[in-house]
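What follows draws every value from the coordinates through simple rules; no lab data is involved. The model shown is predicted, which means the values in this text are computed figures rather than measured ones. When we count neighbours, we look across all protein chains shown, and the Cβ atoms used for this are built from the backbone with ideal geometry, even at glycine.
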Amino acid sequence: MHAATTYSLLPTPIGELLLVGGHGALSGIYMPPHKGGPDVGEDWVRDDDAFAQARAQLDAYFAGQLTAFDLRRSVTGTVFQQLVWQELERVPYGQTISYQQLAERIGRPTAARAVGTAIGRNPLSIVVPCHRVVGATGMLTGYAGGVDRKRALLAHEMRVAAVNASNSADSRAPARTRAADTSSPAGSMTSP
């Protein structure tokens, strides 16, 4: 007898996320309708408490307070897919990289298409930031959660990164030159 798959649904500024896992580890984050993503099975058990840490970290990400995740994971993939997914996590928050550049970074400069396929099979959207990969010209290309969501995630990260950079620069400036920021929070997002 196998343990039931547990899941949680998390409302976010880009729509509801489906969190999937078992044995206390996260195995998937999907954006229904997610290309290649699972449907909730009849034998699945909803357990929001089992995903408390993931839910809190995702909430913090969307609030602009978290730029990297630290979650217990259980994902399966080929050696090549795992290599690509590990390298995705090295792409800095708020920045993008092309499929070709990613292929070069893993030592496989002729494997840009294979890299794209591995990225498309990434089960941990947002946490393993496949949304940061763009076409060679910088154009937004396919995303399992939809290109509008990819655009929204990138815009969110770029806004937060810009505010963080500005705040960092302000903290080094003399106090008399700092201006109070009364605008809306940097982490606020709108739906695509």
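When the charge dipole of the chain is built from unit charges on Cβ atoms (+1 for Lys and Arg, -1 for Asp and Glu) and taken about the Cα centre, the candidate among S166, H156, V79 whose Cα reaches farthest toward its positive end is S166.
Taking the Cα centre of region 102-165 as the origin, how large is its charge dipole in debye, to the nearest 20, when only Lys and Arg (+1) and Asp and Glu (-1) carry charge on their Cβ atoms?
80
The amide H of V134, built 1.01 Å from its N in the peptide plane, has I97, S98, Y99 as neighbours under 5 Å, considering only residues 5 or more places off or on other chains.
Per-residue Karplus couplings for region 156-163, computed as 6.51 cos²θ - 1.76 cosθ + 1.60 with θ equal to phi - 60°, are listed in order as 4, 5, 5, 5, 5, 4, 5, 5 Hz, Gly and Pro entered as x. Checking [x] -0.37, -0.83, -0.94; [y] -0.57, -0.79, -0.88; [z] -0.47, -0.82, -0.89 against log10 I(q)/I(0) by the Debye sum over Cα atoms at q = 0.09, 0.14, 0.15 Å⁻¹ calculated from these atoms, the matching label is [x].
Which trypsin sites (Lys or Arg not before Pro) does region 18-109 hold that lie in a coil by DSSP with at most 15 other beta carbons within 10 Å? Numbers along the way, then the final one.
Values: sites: K35, R46, R55, R72, R73, R90, R105; in loops: K35, R72, R90.
Listed in order of number, the matching sites are K35, R72, R90.
Phi-derived couplings, Karplus 6.51 cos²θ - 1.76 cosθ + 1.60 at θ = phi - 60°, listed residue by residue for region 67-75: 10, 8, 9, 9, 10, 6, 10, 9, 10 Hz, with x used for Gly and Pro. For region 73-178, the Cα gyration tensor yields ellipsoid semi-axes of 30, 14, 14 Å (square root of five times each eigenvalue, largest first, whole Å).
Once each of the GluC sites (Glu not before Pro) sitting in a DSSP loop with at most 14 other beta-carbon atoms within 10 Å is removed, the chain keeps 90-192 as its longest stretch. Since only A136, A4, M31 are under comparison, the one whose Cα sits farthest along the positive direction of the charge dipole of the chain, derived from C-beta charges on Lys, Arg, Asp and Glu, is A136.
Put simply, the amide H of V45, placed in the peptide plane, has neighbours under 5 Å in T5, T6, Y7, leaving out anything fewer than 5 places away on its chain.
With the simple spin-label model, which puts each label point 7 Å out from Cα in the Cβ direction, the A114 to D59 separation comes to 4.2 nm. Here is how the number arises for the chain: DSSP H runs of 4 or more residues each give -39500 (n - 2.57), the sum is divided by the residue count, and the result at 222 nm is -10500 deg cm²/dmol.
Residues whose amide H lies under 5 Å from that of T12, counting only those 5 or more places away or on a different chain, are L17; hydrogens are built 1.01 Å from N in the peptide plane.
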